[in-house]
Amino acid sequence: MATGSRAASARMIPSSALDTASTALEPGPDSTSCRWRRLLRAVGGNDIDEAASDRILRRLGLTFGIAGMIAAVVELPEIADQSRFAPFGWTVLAFVLAFGLFPVLAVVSVGMNRYVIQSVAGAAAVGYVVAMALIPFAYRQPATDATSVWLYRVFALGVLAAALAWRPAVAVGYLIVGGAVAAVANKYVVPDGSALALLGDFARSVGLCALFLWCAVYARAAAARVDRESAIASSRAAAVAGAAARDRERARFAALIHDAVLSTLLDASRTGTDSPVLRKQAERTLAQLDQLRGGETEPDRLNAQAAVGFLRAAVHEVNPGIAFSARRWSGVDDLRLPVDAAGTIAAALAEAVRNSLRHGTVPGRTVQRSVTVTVSAGGIRVVFRDDGAGFDPGGVPADRLGISVSILGRMRQLPGGAAFVESQPGEGTSVTLVWGSDG
C-alpha cells in the first residue's frame with residue numbers, strides 16, 4: 001500500500017513542464033512542415049479522409065499522365081522522320097489520339113474524383129488503339145529505314161491507361177488485343193515483315209507491357225486491401241468502444257445507485273426523524289440523477305485551494321465530525337484538477353467514509369476517522385483512515401459494489417487515477433486515492 005502510494009506520488013510531474021514540452025514539440029503555424037502539408041492538401045485534396053484506393057488511383061494517374069507527356073517529347077524526332085511515309089494530317093491525328101489525353105489525365109488526377117480519372121484514362125487507352133488501327137490505312141509505303149512504327153514503342157502507355165480505367169480482366173484483354181493490333185501495324189511499316197517477325201513483335205509487346213500492367217494492378221489491389229482492412233479495423237474499434245462505453249455507463253449508474261440512492265434510503269430508514277444532513281444528501285442525490293440524465297458538460301479546472309474545499313465539503317456532507325487536513329508542497333499552487341476528476345475523487349472518498357460509518361464501528365469506544373489531502377504540482381493524494389473494526393479485503397464478495405465499483409473501479413476509470421485499500425480485522429482501514437495530471 002505504502003509502496004503504491006509512493007509510486008503514484010512520484011508520477012506527479014508538474015503540468016507546466018508537460019505543457020512546455022508539448023508546446024516545444026508541436027510545430028507552429030508558420031513552420032516548414034505546416035506549409036508543406038497545406039501545399040500537399042491544396043494539390044492532392046484531403047488525403048486524410050480519402051480512401052487508399054482513391055489515393056493510389058490519383059497518384060498513378062498523375063504519374064502516367066506525366067509519363068505520356070515525356071514519351072511524346074522523346075518520340076518527336078522519330079515521329080517527324082516517319083511522317084514522310086504517311087499523310088501529314090494522319091500523323092497529327094495519330095499523335096493527338098496517342099498522347100493528347102495524357103496531359104488531361106495528369107491534370108484531372110490532381111483534384112477530380114475517381115469517375116473522371118477513370119473516364120479520361122479509358123478514353124486515352126481507346127484513343128491509342130484507334131491510332132494504331134489506322135496505320136495500315138495511312139502508310140502509303142513501308143518505312144525503309146525504320147525498325148518499328150513509333151506507336152509500337154510506346155504501347156505500354158495504352159496498357160497503363162487501361163489498368164487505371166478498367167478491371168484487371170478487361171485490362172488483360174486490352175493487352176492481348178492491343179498487342180495483336182500493334183504487331184499487325186508494325187508489319188505494314190517495317191519492310192519484308194514475315195509471320196515469324198509478326199509473332200515476335202506480338203510476344204515482345206505483350207511480354208514487356210504485362211510487367212507494367214501487373215505493377216499497376218497490384219498497386220491498386222493492395223490499396224483496396226488496405227481499405228478493406230481499415231474498414232474492418234474501424235468496425236472492430238467502434239464495437240469495442242461501444243462496449244466499453246456501455247460498461248462505463250453501467251458501472252457509473254450502479255455506483256450512483258449504491259452511493260446515493262441506496263445510501264439515502266438506508267440512512268432515512270435508520271434515522272427515522274427529520275435530519276438536515278439527510279435532507280442535503282437527498283438533494284445531492286436528486287441533483288446527481290438530473291446530471292446523469294442531462295449528460296456531461298465541458299469540465300472546468302480547480303486550483304489547489306478550490307480542490308481542497310471541494311473535497312472537504314464532500315466529506316463533511318457525510319459526517320461533519322471527521323477531521324480534515326490538507327498539505328501542500330512548498331511554493332506549489334498550480335494544481336489544475338478537472339471538475340469531473342474532482343467529482344470522481346469526492347464520490348469515492350464519500351463512499352469510503354460511509355463504509356467506515358456503517359461497518360467500522362467498535363462497541364465501547366469512539367472510532368477516530370481522518371482525511372488527509374496532499375497537493376503537489378501535478379496531482380493530488382487523498383488518504384482516509386480509521387482505527388475501527390477493519391475487515392479482510394480478500395473476503396469481500398465480488399458482488400459487493402462498495403469497494404470494487406464505487407472506490408477501486410471508479411478511480412481506475414479516471415485517467416491518471418488509482419486507488420488502494422488496506423485493512424485488517426481489528427486494525428482499522430486506510431483508503432488512498434491518487435490522481436496525477438500525467439496519467
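The values are calculated or read from the model by the stated rules, or taken from the named source; none is laboratory data. Fair warning: this is a prediction, and the values are worked out from it, not measured in the lab. Using ideal geometry, Cβ is built from the backbone for each residue, glycine included, and neighbour counts are taken over all protein chains shown. Accessible surface areas use protein heavy atoms only, side chains included; no ligands, DNA or RNA. Shrake-Rupley method; radii C 1.70, N 1.55, O 1.52, S 1.80 Å.
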Please state which one of ASP145, ASP192 is assigned to a loop (DSSP other than H, G, I, E, B), modelled with pLDDT under 80 and over 22 Å from VAL74 (Cα atoms).
-> ASP192
Within region 401-412, can one find any residue that is open to solvent by 20 Å² or more (accessible area, probe 1.4 Å) and at pLDDT 85 or above?
-> yes
Does ALA389 satisfy the criteria of being among the small types (Gly, Ala, Ser) and closer than 21 Å to VAL308 by Cα?
-> no
Condition met for GLY61 (closer than 26 Å to ARG228 by Cβ, of a type outside the set (D, E, K, R), in contact (Cβ under 8 Å) with a residue 60 or more places away in the chain and in contact with a helix residue (DSSP H, G or I) (Cβ under 6 Å, 6 or more places away or on another chain)) = yes
So which residues in region 187-229 are polar (S, T, N, Q) and surrounded by 12 or more Cβ atoms within 10 Å (Cβ to Cβ)?
-> SER205
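Yes/no per residue for (1) open to solvent by 20 Å² or more (accessible area, probe 1.4 Å); (2) within 24 Å of LEU213 (Cβ to Cβ):
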| residue | (1), (2) |
| --- | --- |
| GLY61 | no, yes |
| ALA67 | yes, yes |
| PRO77 | yes, no |
| ASP81 | yes, no |
| PHE85 | no, no |
| THR91 | no, no |
| ALA106 | no, yes |
| VAL116 | yes, yes |
| TYR128 | no, yes |
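Output the number of residues of region 305-331 satisfying the condition of being assigned to a helix (DSSP H, G or I) and either at pLDDT 80 or above or touching a His at 6+ places or on another chain (Cβ under 6 Å) (or both).
Number of matching residues: 12.
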Would you pick out the residues in region 363-382 that are modelled with pLDDT of 85 or more and open to solvent by less than 10 Å² (accessible area, probe 1.4 Å)?
-> VAL371, VAL373, VAL375, GLY379, ILE380, VAL382
